[in-house]
1. Out of curiosity, is Ala589 small (Gly, Ala, Ser) and touching a helix residue (DSSP H, G or I) at 6+ places or on another chain (Cβ under 9 Å)?
2. Of a type in the set (Val, Ile, Thr) and within 18 Å of Phe508 (Cα to Cα) - does that describe any residue in the stretch 595-605?
3. Kindly evaluate Ala119 against the criterion of being at pLDDT 85 or above and among the small types (Gly, Ala, Ser).
4. For the stretch 72-96, give me the residue count where each residue is outside any loop (DSSP other than H, G, I, E, B), of a type outside the set (D, E, K, R) and more than 17 Å from Lys122 (Cα to Cα).
5. If a residue must be of a type in the set (Ser, Thr, Tyr) and either open to solvent by less than 30 Å² (accessible area, probe 1.4 Å) or out of contact with any Lys or Arg (no Cβ under 7 Å at 6 or more places or on another chain) (or both), how many such residues does the stretch 381-439 contain?
6. Give, as residue ranges, the strands (runs of 3 or more DSSP E) completely inside the stretch 209-289 that count at least 3 residues that are of a type in the set (Phe, Trp, Tyr) and closer than 26 Å to Ile191 by Cα.
7. Report every pair of residues separated by at least 6 positions or lying on different chains whose Cβ atoms are under 8 Å apart, first residue within the stretch 218-244 and touching a residue at least 40 places away in the same chain (Cβ under 8 Å) and polar (S, T, N, Q), second in a loop (DSSP other than H, G, I, E, B) and open to solvent by less than 20 Å² (accessible area, probe 1.4 Å).
8. Can you name the number of the only condition in (1) under 18 Å from Asn599 (Cα atoms); (2) modelled with pLDDT of 90 or more; (3) open to solvent by 30 Å² or more (accessible area, probe 1.4 Å) that Lys541 fails?
Amino acid sequence: MHLNRIALSCLLALGGQSAAAADKIPAETFARHVQYSGATLSPTGEYVAVSTPYEDRRALSIMKLSGNYDTVQIKFDNFRETIFGASWTDDYRVILSKGVDNGTLESPSYYGDIWGSDADGKNQAQLWGYVKDRGNIRARTKDEGWAYFMRRLNGTQGEALFSFVPWPTSNSESRVTIYRMNTHTGERKQIEVLAQGGSATADRNGVVRFNATEDINGEPILRYRPNASDAWTAVPKSLAGRSMFVSYFEADNNHAIAGISDKGEPAAIYRVDFSKGTRERIAGNETMEVGNWEFSGFEGPLFAVVYTAGKPKIDYIDPTSEFAKLHAGLMKLFPGQIVEFVNFTKDSNKVLFFVSSDRHPGAYYVFDRTTKTPTMLFETMEWIDPAKMSPTRSIEFKNRNGDSLYGFYTAPLGKQGKLPLVVMPHGGPFGVSDAWGYDADVQFLASRGYAVLQVNFRGSGERGENFERSTYRQWGEGIQDDIADGVRWTIDQGLTDPGKVCIYGASFGGYSALMNPIRNPGMYKCAIGYAGVYDLEEMYKSGDIEDSKQGRSFLARAVGTDPAAMAKQSPVHRIAELDVPVLLIHGKADRRAPINQYNMLESALKKSGKPYETLVKSDEGHGFYSVANQTEAYERMEAFLRKYNPAD
């Protein structure tokens, strides 16, 4: 770790650097795990807690930001156990959630375990989780479910609110119980039971005031307490519209900042008066949702929102705020990058902020408002040289139906004109979206001479509920048309050599990598499917979505129930129409897209006599976790692309 002080008047020129031709960057450079992530500053500013690598797992490092920068590590014992998140509950108490990494394409599995520790690493204790008895010794915690941190209660000695969700059975409902806990002693008190589950928001006194959930058909159910002592009541349509979420309550415990969508359009941001049941619009965009919020100091008012459907766009809703001016000044200090405030000390004099871009994975800084000096704490991936990465630009085009779609186009550094292209559809498909920022897959492909196209097709997130649901049951139709329309747009713009296009994707992107060439014969030279789903009906039989009643209901809405329609949209059943060679990459321990999805497609390819290659790892899940395995995957991809679609 290196601590570097930067004068506020100087400018960094990351965005404008140019690099001379260099040797090929090793594939391992792009396969390595992030070094620092999830940093959070303590309320006094004396410490920072951050997730760091430790052997084959991740630990929480707590660093003192003075003297010799002494650091303690809190780590777990088992393979691939990781830090799911960390938060401060008072000046010197930190809590951390434990997860297990299952692969790079999905979030770590969270089993509900939460631990607490003092900043010096002492007084560690498990606060939540299920612990087996040892002989005659009964374990302290027997929580059969997931605990989630909601908020700390300021002015207390480490007290905080937690929500608890029982582990589901096949037909169980998602009941949520709210507890108030002392994170030093582990003493807890039940304060609320939300029989229909969902998310909950409490005011600053710890009173739960808002609850959002949905019925079995995915329709919103919204309840609130107009005043802290009131009984629960339905939120009127005049206030909530169709859907609503509450971000936080102001100091008066009556006004709150909320996102509201009246008819499924992108949510706008409102200041809501709970007791009066009124709202005042303060920000919003007709075509995209707010992706990030910026607040004025420690639990202060909102001063800006950031739209992230394209290249991040900042809307300073209170440009007179001293924190808006600070943020704007830091944006000038880091041209071509985006600055995000992470959290503040309780006196608001210090702020932890994160700086990143399409070419820069990111770095954490602390800004001292007294000395007006930012200090760099650490680069998240210090081995990445932004000057050698390729720039990504946001694009907008219309599909064949006249809908405006956003996406991103990355040309190899220093190249232009009609280039060989790799189309890279994102996973999901619903509610997920590609964003402007550093992407290891994109940069690896660009470093090998390929332009990369990412399309946020209909169904993607950041555009509102109507946009997201517009391609339900159209996995192999409307979504694939949007991707193909993006390819044609790059050709029309003179960006792509139409005879040198391949497609690569992971998860749903892996599905698209097979389905798009089937639907668009002659468009592609090759396809790479990574951890993909290839038979839609199989999703009802295996995987982790069909485990619950809610998951099965979602599949019925989003995928469909007609076997014939699902077969028509499944690559396994249409492999005879495939006209390109295929590389399949999969992990045998994948729970999201179980290995049977791979087995069915591999069998179909073999029977049809289609050319294909495979890479299967027995100990990998949904996306390869091992750096060695991911490096091998990249090298196999490079060789496959060079064989069927050389960049030279």
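The values are calculated or read from the model by the stated rules, or taken from the named source; none is laboratory data. All values reported here derive from a predicted model rather than from experimental measurement. In this analysis, Cβ positions are derived from the backbone assuming ideal geometry, glycine residues included, and neighbour counts consider all displayed protein chains. When the accessible area is computed, the model is the full protein with side chains, heavy atoms only, and any ligands, DNA or RNA have been set aside. Shrake-Rupley method; radii C 1.70, N 1.55, O 1.52, S 1.80 Å.
1. yes
2. Scanning the stretch 595-605 turns up at least one residue that is of a type in the set (Val, Ile, Thr) and within 18 Å of Phe508 (Cα to Cα).
3. Working: at pLDDT 85 or above: yes; among the small types (Gly, Ala, Ser): yes.
Yes.
4. The number of residues fulfilling the criteria is 4.
5. Residues in the stretch 381-439 being of a type in the set (Ser, Thr, Tyr) and either open to solvent by less than 30 Å² (accessible area, probe 1.4 Å) or out of contact with any Lys or Arg (no Cβ under 7 Å at 6 or more places or on another chain) (or both): 6 in total.
6. In the stretch 209-289, 243-249 are the strands (runs of 3 or more DSSP E) which contain 3 or more residues that are of a type in the set (Phe, Trp, Tyr) and closer than 26 Å to Ile191 by Cα.
7. These pairs meet every condition: Asn227/Phe274; Ser243/Gly264; Ser243/Ala267.
8. (2)
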